[in-house]
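What follows is a short report on a single structure.
The values are calculated or read from the model by the stated rules, or taken from the named source; none is laboratory data. Source: prediction; values computed, not measured. Here Cβ is always computed from backbone atoms with ideal geometry, including for glycine, and neighbour counts include all displayed protein chains. Only protein heavy atoms, including side chains, enter the accessible area calculation; ligands, DNA and RNA are left aside. Shrake-Rupley method; radii C 1.70, N 1.55, O 1.52, S 1.80 Å.
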Amino acid sequence: MAMNRHGHVVYESSQFRAGVRAPAVGKVDEIHRLTPRTTNGAGAADFLKDLTEKIRATFVYAGIDVTGTQLFTGTADAQLAGRASLVDCDPLPATAGTTAPFRDLVTAMENALDLHHHRPGTLARLASYLHQRTAGRIGSLSQLIRRAAITAILDTTEKITKPALDAITLDHLAEQHYRPRKPGPRR
């Protein structure tokens, strides 16, 4: 770790300092929050551009609706866009051919739970419901299971049930998908 001349903390791996040429991946999340039209945003965008030029690594920029942001438009920002390939990540499908990636994810998350009275396989059997409830979005699924687990600990049941999952309000996007707004009475 070192300080640069602007007082920012810079993290360097021991591989980087030693000049090791191993394949590397850098991940920058929440990229949609970057606004290159501001002084700080322009500095951050320049920093990301410099990283792609100076470090032998593949960079993954993750964000929501990045094509609708200012990040990849304009003359200066086109430099960053010229170094990136867009991979549109749709929600995780319930099935993909003969596999069930969503159920597999639910199973992995369930296996990580440490609830004393929770029966293994309960959430995996609810995979179809969970997919519908979260629209296949991993963040919504994680939030739902985490909140249900916290509730189970606090109410001392130490297990997650479908009624417990139903009682949890999720993010707006998931709620709109699962519980679409009902039309009002006609006038």
* Structure fact -> By the Cα gyration tensor axes a ≥ b ≥ c (a/c under 1.5 gives rounded; else a/b larger than b/c gives prolate, otherwise oblate), the shape of the range 85-187 is oblate
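Take the solvent-accessible surface of the protein heavy atoms, probe 1.4 Å, and return the percent of it on the range 52-135 that carbon and sulfur atoms account for.
Solvent-exposed carbon and sulfur of the range 52-135 make up 52 percent of the total.
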* Gyration tensor verdict on the range 27-110 (Cα atoms; rounded if a/c is under 1.5, prolate if a/b is larger than b/c, oblate otherwise) -> prolate
* Asked: Semi-axes of the range 117-164's equivalent ellipsoid from the Cα gyration tensor, sqrt of 5 times each eigenvalue, largest first, rounded to whole Å?
  -> 19, 12, 7
* Which of 130, 89, 177 sits farthest toward the positive end of the charge dipole of the range 87-187, with +1 on the Cβ of Lys and Arg and -1 on the Cβ of Asp and Glu? -> 177
* Arranged from highest to lowest average of other beta-carbon atoms within 10 Å per residue, in what order do the peptides 149-155, 32-38 appear? -> 32-38, 149-155
